[in-house]
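A short worksheet on the structure shown next.
The values are calculated or read from the model by the stated rules, or taken from the named source; none is laboratory data. All values derive from a computational prediction rather than experimental measurement. Here Cβ is always computed from backbone atoms with ideal geometry, including for glycine, and neighbour counts include all displayed protein chains.
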Amino acid sequence: MPSRSHRWSNLTFVLLFLVVVVLFLLVVGPFLLPILLSAFVVALLYPVNDFFCRKLGGRRRLAALVSTLGIFLLLVVPLGGLLYLFVQQAIDLAEKVEEFLGPEGFGALIQGELPEVLQPLVERLERFQIGEQIRRGVSTLATGLARSLASLVGATANLLIALFLGFVALYYFFADGHAIVRQILEATPLERHYTESFLREVRRVSQAMIGVNVVTAAVHAVLGAIGFMIVKIPGPIVWGALMGLFSFLPAVGTFVIWGPAGVVLLLMGRYAAGLFLLAWGTLVVGTSDNLLRPLLAKGRMDLHPLLVFVTIFGGIVAFGFLGVILGPMIGSIFTAMVRIWKRDFIPRLRASDG
């Protein structure tokens, strides 16, 4: 039987360990998102890295460097080109809006006032008692725009740091992934086959959900490009590609692209085109998002279709961006634990009762 001093030592260690865990989470918390995303990407592409490792004579760190550079070239370079095209299209669109609003139109909008060209429209809408709401909306939009521009520099710096840490994490996960998994298995007091089962579940779900989100983003890009082609907005493929990128952000999603575009069309007097684009984004793009994720995930995870649907959207509410992956992952681990409980523990309990 352990002595009192031994029990106090164990209790002190546990308390100190919990304190250090909390402090550790506070330190890595701001950059937990890029690290977890890197882990998910590595779980998806680890077989590719193993292929490079075999071709390079077992030099794992060199293979990790090749894999990381390959992901960088496949992601960052096209994104940079897409961003350049987006800026060019945005400048062209801004010039068209400025031409429509007049030389002082943008200045009035920035100050939260309606340009003269829009006054007749608001006066007609006064009959429906929504003219004042439009004025308030313009004022609120101007205030929000000013705040957004003020925080843009800081957000850009944080994004660059997050990207840097994400790629560093990618390299080390590729290089030391086996060792990290082995250390997790050694540090877990669970029987080894339980831990291995959970890790397989994590890997399988992360692979499935990353694939699901890539397919969903591609569908959104195609639907977005079609919508912009119909309303004849310049550069529909660029805007569609941006919708595909923003579909990875559950909190805002593709609305960031088609919402303002529809409003701009209304402001330019293209009422049919603006209303069509808003309806297209809401009914077609929005509905496809709600249907595709659960439908595509259903056949790739051991989850009931209802649980797939609930865990995806519940995960978004609970964890934000990462919830798209974490929600189904938690649901899959939960169902795996229920299976283990029914298979291994219930018979033991019944045997002991007997």
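Structure data summary
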quantity	calculated
Inter-residue pairs, beta-carbon under 9 Å, first part of a helix (DSSP H, G or I) and in region 316-345, second of a type in the set (Lys, Arg) and surrounded by 18 or more Cβ atoms within 10 Å (Cβ to Cβ), 6+ apart	Val324/Arg293
Check on Ile210, more than 26 Å from Pro328 (Cα to Cα) and of a type in the set (Val, Ile, Thr)	no
Residues satisfying the stated conditions in region 158-173, i.e. closer than 18 Å to Val48 by Cβ and either under 22 Å from the mean Cα position of the chain (by Cα) or not in a helix (DSSP H, G or I) (or both)	Gly166, Phe167, Ala169, Leu170, Tyr171, Phe173
Single unsatisfied condition, Phe248 versus (1) within 15 Å of the chain's Cα centre (by Cα); (2) in a helix (DSSP H, G or I)	(2)
Unique residue being out of contact with any Asp or Glu (no Cβ under 7 Å at 6 or more places or on another chain), crowded, with 22+ Cβ neighbours inside 10 Å and of a type in the set (Phe, Trp, Tyr) when the list is Trp258, Trp280	Trp258
Positions within region 186-209 being within 26 Å of Val324 (Cα to Cα) and over 21 Å from the mean Cα position of the chain (by Cα), in sequence order	Tyr194, Thr195, Glu196, Ser197, Phe198, Leu199, Arg200
Members of region 209-237 found to be buried (at least 18 other Cβ atoms within 10 Å of the Cβ), among the aliphatic types (A, V, I, L, M) and either closer than 13 Å to Trp258 by Cα or not assigned by TED's automatic domain parsing to the domain that holds Leu283 (or both), listed by number	Ala221, Leu223, Ala225, Val231, Ile233
Top-ranked residue in region 253-282 [being aliphatic (A, V, I, L, M) and within 19 Å of Leu79 (Cα to Cα); ranked as modelled with the lowest pLDDT]	Val256
Any hit, region 318-338, residues being at pLDDT 75 or above and loosely packed, with under 10 Cβ neighbours inside 10 Å	no
Residue match in region 141-150 (condition: at pLDDT 60 or above and either outside any helix (DSSP H, G or I) or out of contact with any Pro (no Cβ under 9 Å at 6 or more places or on another chain) (or both))	no
Hey, Val42 under 20 Å from Ile180 (Cα atoms) and among the hydrophobic types (A, V, I, L, M, F, W, C) or not	yes
Check on Gly269, more than 24 Å from Gly315 (Cα to Cα), over 16 Å from the mean Cα position of the chain (by Cα), surrounded by fewer than 18 Cβ atoms within 10 Å (Cβ to Cβ) and without any contact (Cβ under 8 Å) to a residue 40 or more places away in the chain	no
Hey, Gly57 at pLDDT 75 or above and on the phi > 0 side of the Ramachandran plot or not	yes
Checklist (1) at pLDDT below 80; (2) farther than 30 Å from Gly323 by Cα applied to Leu79, failing item	(2)
Subset of region 283-304 that is in contact with a Ser or Thr (Cβ under 9 Å, 6 or more places away or on another chain) and at pLDDT 80 or above - its residue that is surrounded by the most Cβ atoms within 10 Å (Cβ to Cβ)	Val285
Output for region 339-354, where each listed residue is among the charged types (D, E, K, R), over 25 Å from Ala43 (Cβ atoms) and modelled with pLDDT of 75 or more	Lys342, Arg343, Asp344, Arg348, Arg350
